[in-house]
Amino acid sequence: QVEAVDGYFDNISAAKTTSTMKCAITSVAAALLLSSTSAFTVQQPTTISRTSSCSPNHYTTRLSPLFMGRAAAVRAQTKGKTDAKKAKVNAFYGKKIIMAVKQGGSPDPQANRQLAELIKAAKINNVPADNISRAIKRASEKDAGDFSEATFEAYGHGGASFIINVLSDNSNRCTADVKLAVSKNNGKIAESGSVLFMYDFKGKIEIPSEVDEEELLMAAIDNDVDDMELVDGDDEGTSIVYTDSKETAAMFEAVKSIGLGEGAKMSLTHVSKAPLECNDEDFENNMAIIDALEELDDVDSVEHNMSN
């Protein structure tokens, strides 16, 4: 009887052990399932993939593209804009040089004052010498286009206005392209003169460094410049000097006299008499108009009255 009782209790103990093991296995399976779910569904920015290996827990983690290459993307975008701007400048002076050769009747800068001044301005704006030579040679070819300048005026969003400067050898194509770019982005072409009167025509010198205003003022006086305004540039650590359009060359000499001529650029531009600050939505819509216009080969520059 004692042996029978001992066997009875042994059977009960074995059953309890089996039951406990089953519960433990079930708990572990549930924990693994939850862990797996958490790894694959909660951490969305990270992709985890298993690779072939002898180890059952060998995984490779790859960061989402959202968290990779942002700096590279920004650098690429900035470089793209810089390259596009350089291409615009080179194309502008190429067309202007062709015009100057045809209008002046000579490819020789010594016999063509307009051409000589353009070559000087092109070099100041870092136009490669090869581009200048090709433009002069191109002007002598029979199939070289006859370029002409024109200005369009337009209205944007939130009271913004635009002055669109073009240089084209096909005025009909140019007019159609400009009107389409403006209207497609919900802008409106304005009547001639309705926008220009709100701007001053100024000389503009862009300097890739900060400038001591007092030192520049003294240099401007020494170079017989009467009109000078110094403001911060578009990029941090840069400066812009505005002056009377007729004194632009003299102002540039003043900039060079204080050792800031290297990398400086000289141009003529329209400056708004009453700058306007648009809200974010209007600003984005207006920039869409500007971007569409600047993509056109015939458009050399777009000036506006937005302060932001």
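Structure values in brief
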item: The listed residue being out of contact with any helix residue (DSSP H, G or I) (no Cβ under 8 Å at 6 or more places or on another chain), in contact (Cβ under 8 Å) with a residue 12 or more places away in the chain, farther than 20 Å from residue 287 by Cα and open to solvent by 20 Å² or more (accessible area, probe 1.4 Å), out of 140, 194; result: 194
item: Residues of region 150-168 satisfying the condition of being closer than 10 Å to residue 95 by Cα and not hydrophobic (A, V, I, L, M, F, W, C); result: 168
item: Unique match (being in contact (Cβ under 8 Å) with a residue 24 or more places away in the chain and assigned to a helix (DSSP H, G or I)) among 181, 176; result: 181
item: Candidate set from region 151-160 (those that are closer than 19 Å to residue 295 by Cα and touching a Leu at 6+ places or on another chain (Cβ under 8 Å)); member that is least open to solvent (accessible area, probe 1.4 Å); result: 153
item: Residue list for region 248-260, filter: open to solvent by 20 Å² or more (accessible area, probe 1.4 Å) and β-branched (Val, Ile, Thr); result: 258
item: Single residue of region 261-286 satisfying the filter (open to solvent by 60 Å² or more (accessible area, probe 1.4 Å) and of a type in the set (A, V, I, L, M)) that is farthest from the chain's Cα centre (by Cα); result: 274
item: Search result, residues across region 107-133 that are over 28 Å from residue 260 (Cβ atoms) and surrounded by 14 or more Cβ atoms within 10 Å (Cβ to Cβ); result: 107, 112
item: Odd one out for residue 83, checked against (1) open to solvent by 40 Å² or more (accessible area, probe 1.4 Å); (2) of a type in the set (Asp, Glu); (3) closer than 28 Å to residue 193 by Cβ; result: (3)
item: Residues (crowded, with 18+ Cβ neighbours inside 10 Å and within 19 Å of residue 159 (Cβ to Cβ)) located in region 197-211; result: 199
item: Unmet requirement for residue 307, which otherwise passes all of (1) touching a Pro at 6+ places or on another chain (Cβ under 9 Å); (2) under 30 Å from residue 171 (Cβ atoms); result: (2)
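Let's see how each residue does on (1) more than 19 Å from residue 153 (Cβ to Cβ); (2) among the basic types (Lys, Arg); (3) touching a residue at least 40 places away in the same chain (Cβ under 8 Å); (4) touching a His at 6+ places or on another chain (Cβ under 9 Å):
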residue	(1), (2), (3), (4)
213	yes, no, no, no
219	yes, no, no, no
243	yes, no, yes, no
250	yes, no, no, no
257	yes, no, no, no
293	no, no, yes, no
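The values are calculated or read from the model by the stated rules, or taken from the named source; none is laboratory data. Since we're looking at a predicted model, the values are computed, not measured. Using ideal geometry, Cβ is built from the backbone for each residue, glycine included, and neighbour counts are taken over all protein chains shown. When the accessible area is computed, the model is the full protein with side chains, heavy atoms only, and any ligands, DNA or RNA have been set aside. Shrake-Rupley method; radii C 1.70, N 1.55, O 1.52, S 1.80 Å.
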